[in-house]
Each structure stands twice: as structure tokens, then as C-alpha cells.
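Asker: Can you read through this structure? Questions will come right after.
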Amino acid sequence: MVAVAVEYFGPAKTHTSGTAYEKVELAEPATLNTLIQHVGRSYSPEFAQYIVSSCGVVLNEDYVETERTCPESFGTDIVLQSGDVVGIIPPVSSG
Amino acid sequence: MSVFVNITDKPLDSAEVLNHVRDPHAGAIVYFGGTTRNTFEGKEVVSLAYEAHPRLAIRTLESIANEAKAKFPSVHKIAIVHRTGVVPVATESVMIAVSSTHRKEGWLCGEWVLEKVKERAEIWKIEKYADGDSVYKENEVSNVLGRT
């Protein structure tokens, strides 16, 4: 199992009933796609779609670049390891 | 230090921000304060509340300030400060100050910095209305998909 932490910021929390941080266990081999599928099942497919179409994603505080045409192809090339922290960064609104 | 950035949950102090950029080589200090406006599309706004990614947002503000210094060579110092938590009407959530040799680059730099902050800073606001409703906002210029 791969144990990662997920952080939800800003409006992402409207999809998680306010949860800002959680630890998730994923079966190996775990990729960002595995995590998105998990998030879609835990919360809603709409949330998974929102992440794929609108949110930046940081892995250990570095932005990742990945395929965004649909949840099925999102993040398949990004391997997750135990201890990784994934941050969901919705469209921003400072100032 | 020619760049000062901070994120704080305390009320912002414009005099302090101006003093961070004050410089004997500068002929101008340009200041922007973003304040909570009391209406949005006809609805009465009572406050804005901000949250920030504790580390990414500071890193982004610092990058923006350093990019601005490279882009505007006659700018001496830049300060960017953003507040988190509840910001009441007519109160600043963000302050940007720039000191420059001459005023023209100061104005241009200040505006450039503000637009980049609105595009990139990992900070989110909730608008709270008099009727009790609240909603997360999204900046028109927000760009999170193109971030590196």
C-alpha cells in the first residue's frame, strides 16, 4: 500500500464537506490517477472532474503537468510514493 | 533587503509597508491597497475571508517580486503583503508598495505586480453577504493550470 496525504484548498473544500487534509492508502502501483479515482469515489465524480479541468495539482509542493482531457487519463504518468503530499489548488482569488 | 513579502492574519499596516520600500535612491513610492468593497452585483457584502497555502503563496509572492525587480530595472524595493482571515469592508486585504528612481516605472511595476499576484498567488477568498450567503470567488486572471 502507498500512504499519501492530500490537502484541499479554497473551493475544493466545498466538495469535501470542509475536509482540508486527509491521509489516503492506495494500492500499488499508485499514481496520481489512482488518487483521482479514489477521490471521485470518496466524494463525487464531479469533484474528480473539477480537479482535472480546473485545479492545479502540486506534488510535494511542485506543480505537476499532466494530461487533462478526462479523469481516466489524468495523472497516469505520475507515480506516488508513501509520504508524498498532494495539494489541490483551485482557481485563485487573492486581493 | 530589496524585496519584502509577508502573509499574516493581523491587520495590515500601510506605514510599515511603505517603510519597507523607502529608499534614498528613489524619487517615488507607489502604493496599492486592495480593500473589501461593500457590494457585488447588487448584493451587500459584509466581509471577505481569505485563506492561503502557507508555503506556496509566500514562495509565489517572492517570485513575483523578484521577477518584477528584473523586469523594471529602476525599481529599488518592492513589498507585497497579504492578509488572511476576515477582512471587513473598506479594509485592505493586500498591500503592494514599490519605490523607483522615477515615477513612471513605479506605476507600471506596481500594476504588473498586482496582476501577477491576482493570477498566481495561492490565496482564496470567500465573499460573505448581508443575507448570510457566502461564496468562494475566482479571479478572472487566475491561472493554476499553467503553473510550474
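All of the numbers you see were taken from the coordinates with simple rules; none came from a lab. Given the structure is predicted, the values throughout are model-derived calculations rather than measurements. Every residue, glycine as well, gets a Cβ built from its backbone with ideal geometry; the counts of neighbours run over all protein chains shown.
Asker: Using a 10 Å cut-off on Cβ to Cβ distances, tally the other chain neighbours for every residue of B:138-147 and report the average as a whole number.
Answerer: The per-residue average across the peptide is 6.
Asker: Which one of A:Ser17, A:Ser44, A:Ser73 has the biggest mean-square fluctuation once chain A is modelled by GNM with Cα springs under 10 Å?
Answerer: A:Ser17
Asker: Also, quick follow-up: So which lysines can B:Lys69 reach, going by Cα to Cα under 22 Å and dropping same-chain residues fewer than 8 places off?
Answerer: The qualifying lysines are B:Lys77, B:Lys104, B:Lys116, B:Lys118.
Asker: Using alpha carbon centroids, what distance separates the range A:34-95 and the range B:30-109, in Å?
Answerer: If you average the Cα positions of each part, the centres end up 28 Å apart.
Asker: While we're looking at this one, here's another question. Taking each residue in B:114-127, count the Cβ atoms of any other chain within 10 Å of its Cβ, then average. What number comes out?
Answerer: Mean shielding by partner chains, rounded to a whole number: 4.
Asker: Using the Kirkwood radius over C-alpha pairs as Rh, can you work out the diffusion coefficient of chain B via Stokes-Einstein at 25 °C, viscosity 0.890 mPa s, in µm² per second?
Answerer: For the chosen part, D equals 156 µm²/s.
Asker: Rounded, prolate or oblate, given the Cα gyration tensor of the range B:80-148, with a/c below 1.5 counting as rounded?
Answerer: oblate
Asker: What are the principal axis extents of the Cα atoms in the protein assembly as shown, in Å, biggest first?
Answerer: 61, 44, 28
Asker: Are there GluC sites (Glu not before Pro) in the range B:1-106 that DSSP marks as loop and that have at most 16 other Cβ atoms within 10 Å, and which are they?
Answerer: B:Glu41
Asker: Under a Cβ-Cβ cut-off of 12 Å, what is the net charge of the residues other than B:Pro11 that fall near it, where Lys and Arg count +1 and Asp and Glu count -1?
Answerer: Around B:Pro11, the surrounding residues sum to -2.
Asker: Here's another thing I want to ask about it. How would you rank B:Lys128, B:Lys118, going from fewest to most other Cβ atoms within 10 Å of each one's own Cβ?
Answerer: B:Lys128, B:Lys118
Asker: While we're on this one: Using a Gaussian network model of chain A whose springs link C-alpha atoms within less than 10 Å, name the residue from A:Ile78, A:Ile36, A:Ile51 with the highest mean-square fluctuation.
Answerer: In the Gaussian network model the winner is A:Ile78.
Asker: Which value, in debye to the nearest 20, describes the size of the charge dipole of the protein assembly as shown about its Cα centre when Lys and Arg Cβ atoms bear +1, Asp and Glu Cβ atoms bear -1, and nothing else is charged?
Answerer: In debye, rounded to 20, the protein assembly as shown gives about 780.
Asker: Could I ask something else about it? Take the alpha carbon gyration tensor of chain A, find the square roots of its eigenvalues, order them as a ≥ b ≥ c, and report rounded if a/c is under 1.5; if not, report prolate when a/b exceeds b/c, else oblate.
Answerer: In terms of gyration-tensor shape, rounded.
Asker: Still on this structure: Which of these, B:Gly27, B:Gly132, B:Gly85, has the largest mean-square fluctuation under a Gaussian network model of chain B (Cα springs below 10 Å)?
Answerer: Largest GNM mean-square fluctuation: B:Gly132.
Asker: Could you work out the local net charge near B:Ala52, counting Lys and Arg as +1, Asp and Glu as -1, over the other residues with Cβ closer than 13 Å to its Cβ?
Answerer: Here the count lands on +1.
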